[in-house]
Structure formats: structure tokens, C-alpha cells
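Notes to accompany the following structure.
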Amino acid sequence: MKEIIDAISRAAVRIKREIEFGDTSYSDHINKTGDTQLKLDIASDLIIEEEFKKIPCVKAIISEEKETAQTLNKDGKYIIGYDPLDGSSLIDVNLAVGSIFAIYEKEVNAKSIVAAIYVVYGPRTEMVVAKDDVRLYRLNESGEFKEIKTIKLNQKGKLNATGATQKGWSAYHKKLIEDIFADGYRLRYSGGMVPDLHQILLKGGGLFSYPATTDTPNGKLRLLFEVFPFAFVFEKAGGAAIDGKKRLLELKASHIHDTSPCFFGSNEEIDRVLNEYAKH
Ligand code: AFP
């Protein structure tokens, strides 16, 4: 696992440099999810692929930017699902973006995740590693990630990050969100999953929701590269992650680009979602 964390650290330093000084324009390529790729999406994907190719324990990689899985070393133990530059549509407005990694052992499903790692490229570059617990690291002047602290969610938070187009929300989702705001929660939503969830984790808790909508009945966020790794992080930090009714880490992906509605948060907010969604 150390080899993987080191490879991700090296990739993060290179991607940070690309974000700061690289070409931020669009390519003429559309990825499997239907997004026109930025040149930065492609560059970040290649950097990660290059770094994983250097370590023999990686059997295969599954990237949000690639149509199919790619075998790197048939004797490797781990399969890594990753989103090289999540939130890249925020690059032009200079908001924080991130890279997300799910480390699967032997096979790719929620039950075989052994670690989840994400990197936030903001005013500072930070990496969060979830294994038995969840630890925050920060990039220092020498280009090394140094451990800062263990992240633990409170039972209840104060933030409410509400994803997806409101006109597509169900009436009961709308009521749930309005009730949460009526109880004094503050809206925090940048449109980048990594910084939005990082904020909830570091501020002690709250709720992030990306529900089913009329135009995206299976939600938008992708199971293998976004939903499973963050579900793992939230559970290891003492919170919870559900699709509305079930634990996200019990879902099965039938295709590498499958999506799911998702809710991540501290326990009280997730119980609130479960109670409301159970009525429908
Ligand atoms: P992009 O990578 O296209 O910027 O999408 C980012 C993202 O997948 C995720 O990071 C956000 O949480 C989510 O989309 C935001 O989607 P909405 O703008 O529909 O709320």
C-alpha cells in the first residue's frame, strides 16, 4: 500500500503543477460520461497511469477518462479506480478540484475496497488517506506530504451541500432539504465533489446529497471512482454513506461507468435522510 500512496503523492505533485501552469483549454475529445475533456483531464490521467506503471502491485487501472479497464501487471494485487481530475469544469473559475482513488483488492466491487485516497488541489494541496482510519496530509515546501491529523466526524454537523438541478428533485427530497435548512444548516456547495466533501469532513459534519432527479434517475456521480471511495472515507471517519435507503458500500456496479444517487454525512443527517426516504 505504501507504494500506491507514494505513487499517488508523486502524481499529485505533477498534477498540481499542470493545474498551475499547464494548458487549461478544452480538447476535442468526449469521454465515456459525455463530458468534453479538458487537456488537463487527459494530462492528469496520463500522469497517474505513468506513476502506477512504475509499481508492480497494480494489476489494473480503471479511469473515469478511459472507456475500459487497462491491465498493467497481471501478477499485481490491486485494481485502482480513479477520477484523475474531478470537478474540472471549475478550472476556468480557479476553484478547488481533486483526484479520487479507490483501491480494490483482487476484484472490483464495494466489498473489496481496502483503501480510498483523495487529493484536493486548493490554495494548499492536501491528501486524505482512508484505511483503518482517515488521515490528512499536507504538501510542504520540499514537495513531501506530511501528516497533519486524523479526521473524525461529529455525530451532527452544520453544513448542507445540495447537489443536482432543483427542478429535477422529487417533492420529498425538496422537503427534506428545506427542513434541514430550516433547522439552521448553512449551504456550502462549490460543484466540486472533492472540496465539498473535504469541507464537511474537516468542519466536523453535515450532509452532501446528489439525489436521483427526473433527468438523471441514477444520479450523476460514478460508483467506482467517486461514490465507493468517498463512502469508504465517510464510514472510516465515523459517518455514513447511503443511496437514500441502502449503504452505498452494499451496491454492485454492473458497468465501470455506473452511477448512483448518493448521500454522505455524519450519522444524524444520514438518519434523517433514511427516515424521510423510507416513507417513499
Ligand atoms: P465535472 O468534473 O464535470 O466538473 O463534474 C463534477 C462532479 O462530477 C462532482 O465533482 C460534483 O459534485 C458534481 O459533478 C456537481 O454536479 P452538479 O453541478 O450537477 O451539482
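Determine the dipole magnitude for the chain: charges of +1 sit on the beta-carbon of Lys and Arg, -1 on that of Asp and Glu, nothing else is charged, the reference point is the Cα centre, and the result goes in debye to the nearest 20. Show your work: numbers first, answer last.
On the way: 39 positive and 41 negative charges, 153 e Å.
Roughly 740 debye, rounded to the nearest 20.
Of all segments of the chain bounded by GluC sites (Glu not before Pro) found in a DSSP loop with no more than 14 other C-beta atoms within 10 Å, the longest spans 145-280. How large, in percent, is the carbon and sulfur part of the accessible surface of segment 159-277 at a probe radius of 1.4 Å? Roughly 47 percent of what the probe reaches on segment 159-277 is carbon or sulfur.
For the chain, the antiparallel share of DSSP beta bridges with both residues in that region comes to about 80%. Calculated accessible area for segment 1-128 comes out at 45 Å² per residue, all protein chains present (probe 1.4 Å; ligands, DNA, RNA ignored).
Mind checking the dipole of segment 2-150: about its Cα centre, +1 per Lys or Arg Cβ, -1 per Asp or Glu Cβ, Debye to the nearest 20?
On the way: 21 positive and 27 negative charges, 116 e Å.
The calculated dipole for segment 2-150 is roughly 560 debye.
Ignoring ligands, DNA and RNA, what percent of the 1.4 Å accessible area of segment 1-114 is carbon and sulfur?
Working: 2740 of 5430 Å².
Roughly 50 percent of what the probe reaches on segment 1-114 is carbon or sulfur.
Contact order, relative form, for the chain: 15 percent (alpha carbon pairs under 8 Å, 6 or more residues apart, mean separation divided by residue count).
Separation of the alpha carbons by more than 32 angstrom is noted, of Lys39/Lys175; Lys16/Lys236; Lys167/Lys203, for Lys39/Lys175. Placing +1 on the Cβ of every Lys and Arg and -1 on the Cβ of every Asp and Glu, with no other charges, gives segment 159-277 a dipole of roughly 160 debye about its Cα centre.
The values are calculated or read from the model by the stated rules, or taken from the named source; none is laboratory data. All of these numbers come straight from a predicted model, not from anything done at the bench. Here Cβ is always computed from backbone atoms with ideal geometry, including for glycine, and neighbour counts include all displayed protein chains. When the accessible area is computed, the model is the full protein with side chains, heavy atoms only, and any ligands, DNA or RNA have been set aside. Shrake-Rupley method; radii C 1.70, N 1.55, O 1.52, S 1.80 Å.
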